[in-house]
Amino acid sequence: MGDQYEVSEAGVEALTIPALRWQEPPEGPVVVLLDQTRLPVEEVELVCTDVPALVQAIRTLAVRGAPLLGIAGAYGVALAAVRGFDVEEAAEALAQARPTAVNLGWGVRRAAAAYRAAAAGGPDAQAAAALAEARAVHDEDIEASARMAAHGLELLGELLPGGGHRILTHCNSGALVSGGEGTALAVALAAHRAGELRRLWVDETRPLLQGARLTAYEAARTGMAYTVLPDGAAGSLFAGGEVDAVLIGADRIAADGSVANKVGSYPLAVLARYHHVPFVVVAPTSTVDLETEEGSDIEVEQRPGHEVTEFSLPYAQGPGAEAGTGIPVAPLGAQAYNPAFDVTPAELVTAIVTEAGVVSPVTRNGLAEVCSTSRWS
Ligand code: MRU
């Protein structure tokens, strides 16, 4: 483990990780990403000079997590516009790069709509409009993140009076997925700052280890007490009374309140219900898709089987590892089931925390109402 990781003991409070930035000329215009496939060992920047490079970065999870995908999609449209590429083609390619996180298409549509609306002013005005909209998407996410943290902290106080929270989280939902401090992790961080977080339990999150590699990297930088566990160990933690609440993010929330999030979230919701532990989802209203009626309508991304049948750590083997380049952990030719997400029904969700307020109990009407009060409705 390199020096970068030693920062874990430093007790740094602010979680400011530049996961994505727009670089102006003369070096730019480019979209610069912190390559998340290389964390936690190396902090390597990935410079996207065109849309195909950004699409590839999205597919390989160099940039990932619902809110950040929205920001990336919007800047991708701006990149195409500023550099004079075909914006409609770019928007299509970006929106289709991954299917489940609704924020990606949402960010793309916002920047593309601003581009089209400026048509009368000519190409320069259109490019400026697309870039301004991408910046607005980015800034709004920073604000949304802070609001979710405040609402979530208040909710934790109501659900778990007395502090000393032991919170279990899955996948990654901090500054690496956001312009701000994230979604679920931003709430845990607020609890930490308030002196109310006893421990953050971090599911490693098989098979791509977003928990072990990324959430632990974030938690370490904030000085939180955290422990990484194999996903399958969560059950015994619940059984031992070691979990006070589950906090996760979301990639898409259907109109009925069903929540798509990283595969392994649904089993946690079932465990939480069995053990009478609150299961709280933290997501901006841009992750709520009122046009998707039910959870079963959400398209769940299926990823290549070799991510399961081989151990392949990108930071050891190069980014975007291909089949056959990892260490085999299953017999050659083994079939694999590798959905990237699962869907948790609303009845198992205690509350959905958004920037516009908290929905609890989670109902179709409650969700529609909170979305109608959001600035993006
Ligand atoms: O496949 P990923 O790494 O993009 O999945 C990300 C998640 O599932 C996160 O939990 C989700 O985007 C919520 S983060 C706000």
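Every number in this text was worked out from the coordinates using simple rules, so none of it is lab data. Only a predicted model underlies this, so the values are computations on that prediction, with no experimental measurement involved. Counting neighbours? That spans all protein chains shown, and the Cβs are built from the backbone with ideal geometry, glycine included.
For the Cα trace of the stretch 38-167, dividing Rg by the Kirkwood Rh returns an Rg/Rh value of 1.10. The fewest-to-most ranking of His138, His170 by surrounding Cβ atoms within 10 Å reads His138, His170.
Going from the fewest other Cβ atoms within 10 Å to the most, the residues Val308, Val359, Val44 appear in the order Val44, Val308, Val359.
Working note: Cα gyration tensor of the chain, eigenvalues times five, square-rooted, sorted largest first, giving semi-axes of 31, 25, 20 Å.
Coupling constants for the stretch 163-173 follow from the phi torsions by the Karplus curve (6.51 cos²θ - 1.76 cosθ + 1.60, θ = phi - 60°), and in residue order they are x, x, 5, 10, 10, 9, 10, 10, 6, 9, 9 Hz; glycine and proline get x. Helix by helix through the chain, keep the DSSP H runs that span 20 Å or more along the axis on Cα and average at least -1.0 on Kyte-Doolittle, and give those back in order. Going by DSSP H runs, the hits are 66-83, 102-117, 123-159.
Take the Cα of Glu88, step 7 Å toward its Cβ, do the same at Glu43, and the gap between the two points is 4.3 nm.
Between Glu143 and Glu369, the FRET efficiency estimated from the beta carbon spacing at R0 = 22 angstrom works out to 0.60.
By the beta-carbon count within 10 Å of each Cβ, the least crowded to most crowded order of Ile17, Ile248, fewest first, is Ile17, Ile248.
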